[in-house]
Amino acid sequence: MNLRPLGRSGLNVSPVCLGGNVFGWTIDQAASFPILDAFLAGGGNFIDTSDAYSTWVPGHTGGESETILGAWMAARKNRSRVILATKVGNKMGDGGQGLSRAHILKSVDNSLRRLQTDYIDLYQSHIDDSETPLAETLETYDELIQSGKVRAIGASNYTGARLSEALDLSTAKHLARYECLQPFYNLIRRSGYESDLEPVVIARNVGVIPYSSLASGFLTGKYAREAPLPETKRSGGVQTRYMADDGAWEVLGRVQTVAQARGVTAAQVSLAWLIARPSITAPIASATSVAQLADILAAASLDLSAAEIAILQGD
């Protein structure tokens, strides 16, 4: 699996990133380990999580995903083979949140402890914090990089204007800059990223690792238009975002047309479209079984033609 540079960070990552939000949420540690093993064995090296995964589960306080990843790396002794990304800033079970110096410094040490490592490859601002000056956040990150606790930083859920402001500030103050953006982006929901963020990341050489790459599973084709939703923990979000959207079904139909012609799955085609987009470094996709993971890995070697991309985009 050919690796790709992540912005100017010096990190070389696999063209697909394994999402860690399911670890400790929809699957436990015993079910997580085989998926993580298979991802590494299949040539993947890039795993994304957050300290806030999975605070939405009753009884969870955050850090559940990081704890499983830390246990896996400790058991397998494979830390050096993993490009590990996590995030800070979203609300934790104890109420802590934001991108202040105090919260970042506390949170990074908690993440390092749960992950059983002494460094994080990519440390990301999970959501923007308008109440904390950008300078305070970036100066704190710069200190973490200087100390060796963090190798590179990124931003998630930022607007194009806010990302540009942060990049300009880093240049002006000679601070570490956001080398990566994690936006909401998939074949159905394109306009926000392509109009607002893509021009910035291309012009500034910022890596991009979109989340919701498979539209919460909708782009895998497992949902039928007139059928009841399957009993999964994600079904509610799918229903709200996509099931009543005629445009979403049209996109899925195009995906299935290309998939059937190529003899591959809809998930592979959806991820391959993202991988083929010049501004994208690695789409994030989660798996709750080794069988699902096979689609993620196969997408990395699926080369779509210009004609197929045009069909998928409805051009």
Pairs where the first residue, in segment 288-315, is over 17 Å from GLY43 (Cβ atoms) and the second is basic (Lys, Arg), C-beta under 9 Å, 6+ apart: LEU304/ARG262; GLU308/ARG262; ILE309/ARG277; ILE311/ARG254; LEU312/ARG254; GLN313/ARG190; GLN313/ARG254; GLY314/ARG254
Any residue in segment 74-94 that is within 26 Å of LEU297 (Cα to Cα), part of a loop (DSSP other than H, G, I, E, B) and among the hydrophobic types (A, V, I, L, M, F, W, C)? yes
Got a number for residues in segment 14-28 being surrounded by 16 or more Cβ atoms within 10 Å (Cβ to Cβ) and either over 20 Å from ALA267 (Cβ atoms) or small (Gly, Ala, Ser) (or both)? 4
Within segment 110-127, can you find the residues that are within 23 Å of ARG76 (Cβ to Cβ), assigned to a strand (DSSP E or B), in contact (Cβ under 8 Å) with a residue 40 or more places away in the chain and out of contact with any Leu (no Cβ under 6 Å at 6 or more places or on another chain)? LEU122
Which members of segment 181-216 meet the condition of being among the polar types (S, T, N, Q), more than 9 Å from the chain's Cα centre (by Cα) and buried (at least 20 other Cβ atoms within 10 Å of the Cβ)? ASN186, SER216
From the list ALA172, ALA161, pick out the single residue that is in a helix (DSSP H, G or I) and within 24 Å of PRO210 (Cβ to Cβ). ALA161
Here's a check for you: in segment 76-100, which residue that is more than 16 Å from SER111 (Cα to Cα) and among the charged types (D, E, K, R) is surrounded by the fewest Cβ atoms within 10 Å (Cβ to Cβ)? LYS77
Residues of segment 261-287 being closer than 26 Å to GLU198 by Cα, touching a Leu at 6+ places or on another chain (Cβ under 8 Å) and free of Cβ contacts under 8 Å to residues at least 60 places away in the same chain, in sequence order, are ALA266, ALA267, GLN268, VAL269, ALA272, ALA276
Spot the failing condition for GLY154; the list is (1) surrounded by 24 or more Cβ atoms within 10 Å (Cβ to Cβ); (2) part of a helix (DSSP H, G or I); (3) touching a Gly at 6+ places or on another chain (Cβ under 8 Å); (4) not polar (S, T, N, Q), and only one is missed. (2)
Here is a list: LYS106, LYS87, LYS149. Which entry is in contact (Cβ under 8 Å) with a residue 40 or more places away in the chain and under 25 Å from PRO58 (Cα atoms)? LYS87
For TYR178, state whether it is under 23 Å from VAL13 (Cβ atoms), buried (at least 20 other Cβ atoms within 10 Å of the Cβ) and not polar (S, T, N, Q). yes
Evaluate segment 42-62: report whether one residue or more is in a loop (DSSP other than H, G, I, E, B), under 23 Å from LEU181 (Cβ atoms) and among the aromatic types (Phe, Trp, Tyr). yes
Do we have any residue at all in segment 99-109 that's under 21 Å from THR67 (Cα atoms) and outside any helix (DSSP H, G or I)? no
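Read-outs: derived from the displayed coordinates by stated rules, not from any lab. Source: prediction; values computed, not measured. Counting neighbours? That spans all protein chains shown, and the Cβs are built from the backbone with ideal geometry, glycine included.
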